[in-house]
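The block underneath contains the structure these notes are about, expressed in structure tokens.
The values are calculated or read from the model by the stated rules, or taken from the named source; none is laboratory data. Because the structure is a prediction, the values reported are computed rather than measured. A quick note on method: Cβ atoms are made from the backbone with ideal geometry, for glycine too, and the neighbour counts reach across all protein chains shown.
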Amino acid sequence: MHRLPPADTGALYDALPRAHPAYADAARAVAAELDLPPSAPARLPGGSLPVLALGPRWVIKLYPPFCAEEGPREADVLRALMACDDIPAPSLRATGDRDGWRWVVMGRLPGRLWADVDPALSDAERLELARQTGRITAALHRAKPDFDWPDRDWAAFVARQRAGAAARQARLGLDPAWLAQIEPFLADTPLPDRPRVLLHTEIMREHLFVDGGRVVGLFDFEPARVGVAEYDLASVGLFVAAGDPALMHAFLDGYGGSGARDLALQRRCLAWALLHEYSHLPWYLERLPAPGAATLDDLARRWWPL
């Protein structure tokens, strides 16, 4: 049996083959410990971390040492959401550690990824999925469980992201014409500090399972944190609505609330996208081209069309 390999840095982990035999060995060993039916663990496609199927009902997710704290954090969220009938998240079976890695066994969601089936959907079906995603996000934000995550301090996180926002985009190769606008834009965009809610942080079609016209699963909670609700609108605009006004309105209709849908909200959504933990403006511009756009206000209007 192969031991899980050293991966104390992201670079070491990235150098490992996606089908490292130790992943399947670890999955079989954990399945035996939990007395799950024997199966041939197979890594599921996509995802940055190894997720392997353990038969039709369960999956195991492995967290390498450099981000091992994400395992208990995801388990915390799944445990809390098991009591929320209106949030279709995976159930939690067990969590533990092996060879310096953490692991979580969770329920296997039905359906298929929205991103995979999207080309075959009608406009009406997309609108309904966006509306349901809004309702699920609202339920998530109402959950407000009390987590003790010292490394997830919201105020410190926002301050750190503000201080390094322009430098981050520069390292990613952002065009200087855009780069020069970041600091003035953030300085001129007041952001709320409360109320703070449970955030998924990466609500996107790639993290939503759908089946028969319904959203049947929201998953990947390892980057979750407690913070301002609008932070989740950053990924919704970019990766759920993808610049489509009808989808953005459908999501907000499902989400509810009476807040103004105006340029101020659009600017805040872009500000949160620039402050996001995984912010990558060059990639956003590639994914959602904005011909003729010259200012960050132009991008805010196009990517969060309200």
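Just one of (1) crowded, with 17+ Cβ neighbours inside 10 Å; (2) over 23 Å from residue 297 (Cα atoms) fails for residue 213. It is (1). In segment 190-204, the residues that are more than 22 Å from residue 146 (Cβ to Cβ) reach residues that are surrounded by fewer than 15 Cβ atoms within 10 Å (Cβ to Cβ) and of a type outside the set (D, E, K, R) with C-beta atoms within less than 8 angstrom, at least six apart or across chains, in these pairs: 202/278.
Do the conditions hold for residue 147, that is, is it free of Cβ contacts under 8 Å to residues at least 60 places away in the same chain and among the aromatic types (Phe, Trp, Tyr)? No; evaluated as a whole, the condition is false for this residue.
Scanning segment 77-114 for residues that are among the hydrophobic types (A, V, I, L, M, F, W, C) and farther than 22 Å from residue 130 by Cα gives 77, 78, 80, 82, 83, 92, 94, 101, 103, 104, 105, 106. If you go through segment 59-73 and keep only what is of a type in the set (A, V, I, L, M, F, W, C), in contact with a strand residue (DSSP E or B) (Cβ under 6 Å, 6 or more places away or on another chain) and not in a loop (DSSP other than H, G, I, E, B), you end up with 59, 60, 62. I'm checking my understanding of the structure. Among residues of segment 254-264 that are over 19 Å from residue 200 (Cβ atoms) and in contact (Cβ under 8 Å) with a residue 12 or more places away in the chain, which one is surrounded by the fewest Cβ atoms within 10 Å (Cβ to Cβ)? Filtering segment 254-264 for residues that are over 19 Å from residue 200 (Cβ atoms) and in contact (Cβ under 8 Å) with a residue 12 or more places away in the chain, the one surrounded by the fewest Cβ atoms within 10 Å (Cβ to Cβ) comes out as 262.
Residues in segment 89-136 that are assigned to a helix (DSSP H, G or I), free of Cβ contacts under 8 Å to residues at least 40 places away in the same chain and not aliphatic (A, V, I, L, M): 116, 119. Tallying residues that are part of a loop (DSSP other than H, G, I, E, B), under 22 Å from residue 251 (Cα atoms) and touching a residue at least 60 places away in the same chain (Cβ under 8 Å) within segment 280-306 yields 3. A residue that is touching a helix residue (DSSP H, G or I) at 6+ places or on another chain (Cβ under 6 Å) and surrounded by fewer than 16 Cβ atoms within 10 Å (Cβ to Cβ) cannot be found anywhere in segment 216-224. Only one of the numbered conditions (1) crowded, with 21+ Cβ neighbours inside 10 Å; (2) within 21 Å of the chain's Cα centre (by Cα) is violated by residue 299, and that is (2).
I want to confirm something. Restricting to segment 1-57 and keeping residues that are of a type in the set (S, T, N, Q) and within 23 Å of the chain's Cα centre (by Cα), which single residue is farthest from residue 110 (Cα to Cα)?
Pass one, segment 1-57, residues of a type in the set (S, T, N, Q): 9, 39, 48.
If we keep only those that are within 23 Å of the chain's Cα centre (by Cα) too, we end up with 9, 48.
Details: 9: 33, 48: 20 Å.
That would be 9.
Filter segment 74-88 for residues that are part of a loop (DSSP other than H, G, I, E, B) and of a type outside the set (Val, Ile, Thr); which is surrounded by the most Cβ atoms within 10 Å (Cβ to Cβ)? In this case the residue turns out to be 88.
Just one of the listed residues (239, 251) is free of Cβ contacts under 8 Å to residues at least 40 places away in the same chain, assigned by TED's automatic domain parsing to the domain that holds residue 146, out of contact with any Phe, Trp or Tyr (no Cβ under 7 Å at 6 or more places or on another chain) and under 28 Å from residue 110 (Cα atoms), and it is 239. For segment 1-58, the tally of residues that are part of a strand (DSSP E or B), modelled with pLDDT under 95 and either aromatic (Phe, Trp, Tyr) or not assigned by TED's automatic domain parsing to the domain that holds residue 70 (or both) stands at 0.
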